[in-house]
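Structure, as structure tokens:
The values are calculated or read from the model by the stated rules, or taken from the named source; none is laboratory data. Source: prediction; values computed, not measured. Cβ atoms come from the backbone with ideal geometry, glycine included; neighbour counts cover every protein chain shown.
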Amino acid sequence: MGKLILVRHGHTPLNSPGRDERLRSWLDVPLDDKGLEEAVRTADMLANYPIGMVYCSDLRRARQTAEVLRRRVKAPVVATSELRPWNLGAFGGQRVSDVLPFLNLLNQRPDLAAPSGESFYQFYGRYSYRLTQLMNLADSSEGCVLAVTHVRNLLAATTIIEGGDRNKVPVKGGPSTGTISIVEKIEGKWRILRDDGRQVVQPSRFSSEDAALMPDPSAELASAHSAMSCP
């Protein structure tokens, strides 16, 4: 029985902290210099793991991270769209602080699709299917399977792995860029641990300032879509 190792891709120009942070979503942004350095450090941390295969999101930042890891662990890479993050459509590239009310609506209405994107339930179904496949592959392997993905995927991973409620997946926090998480069976149950052995504990789904419901979320999202479509 092997292990599944989850890695968040390295830093990008859109990962700036605070007000300047922008939604990456499905934008095909590359790693910046910091991200490339993080990938090298992550590769050093993985050097002693017997990794037989590397899977990654097919977005550029994940593929670049996987390529750096591949050169160190000497394993083939398979890119797949199933490891992409939540497709937030028209909100991609926007400042998180500017679109936070609309993101809150999507989190509170997980069946509602983002303009030109997908709903949270669609994302969760796509990703949980692929993650479960990777866990089964690791379970039948003598070594380790590695997957490079995104923060939203890692926020959902604990719920998927430990059979939790998809409606309670947190919307904030998550591991920093370049972070490693280990998925393994402990006493017959799958658990996700940080690379130092600590179990991952998820925060609550909503923070207090995000909890208030806004009226008519479909109308609000339609208005946002129209505004973003204007020249």
Determine which single condition A147 fails, assuming it passes every other condition in (1) part of a strand (DSSP E or B); (2) at pLDDT below 90. (2)
Assuming K34 fulfils every condition listed in (1) buried (at least 19 other Cβ atoms within 10 Å of the Cβ); (2) in contact with a His (Cβ under 7 Å, 6 or more places away or on another chain) apart from one, which condition is it? (1)
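Please enumerate the residues belonging to the range 107-121 that are assigned to a loop (DSSP other than H, G, I, E, B) and at negative phi. Spell out the reasoning first.
We begin by selecting, within the range 107-121, every residue assigned to a loop (DSSP other than H, G, I, E, B); these are 109-119.
Of everything in the range 107-121, those that are assigned to a loop (DSSP other than H, G, I, E, B) and at negative phi turn out to be R109, P110, D111, L112, A113, A114, P115, G117, E118, S119.
Every residue, every condition in (1) over 22 Å from D28 (Cα atoms); (2) surrounded by fewer than 18 Cβ atoms within 10 Å (Cβ to Cβ); (3) touching a Pro at 6+ places or on another chain (Cβ under 9 Å); (4) of a type in the set (D, E, K, R), yes or no:
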site	(1), (2), (3), (4)
N87	no, no, no, no
L105	yes, no, yes, no
Q108	yes, no, yes, no
Y124	no, no, yes, no
Y129	yes, yes, no, no
T132	yes, yes, no, no
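In this structure, is V29 of a type outside the set (D, E, K, R), at pLDDT 95 or above, more than 23 Å from S116 (Cα to Cα) and out of contact with any Phe, Trp or Tyr (no Cβ under 8 Å at 6 or more places or on another chain)? Before you say what the answer is, go through the steps one by one.
Working: of a type outside the set (D, E, K, R): yes; at pLDDT 95 or above: yes; more than 23 Å from S116 (Cα to Cα): no; out of contact with any Phe, Trp or Tyr (no Cβ under 8 Å at 6 or more places or on another chain): yes.
When the stated conditions are applied, V29 does not pass them.
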Of the criteria (1) in a helix (DSSP H, G or I); (2) closer than 14 Å to V151 by Cα; (3) small (G, A, S), which one S25 fails: (1)
Looking at L69, L146, L83, which one is in contact (Cβ under 8 Å) with a residue 40 or more places away in the chain, within 24 Å of W190 (Cβ to Cβ), out of contact with any Ser or Thr (no Cβ under 9 Å at 6 or more places or on another chain) and surrounded by 15 or more Cβ atoms within 10 Å (Cβ to Cβ)? L146
Flagged in the range 82-106 as in a helix (DSSP H, G or I), of a type outside the set (A, V, I, L, M) and within 21 Å of N15 (Cα to Cα), in numbering order, are G89, F91, S97, D98, P101, F102, N104
Looking at (1) among the hydrophobic types (A, V, I, L, M, F, W, C); (2) part of a helix (DSSP H, G or I); (3) within 26 Å of T42 (Cα to Cα); (4) more than 16 Å from the chain's Cα centre (by Cα), find the lone condition where V78 falls short. (2)
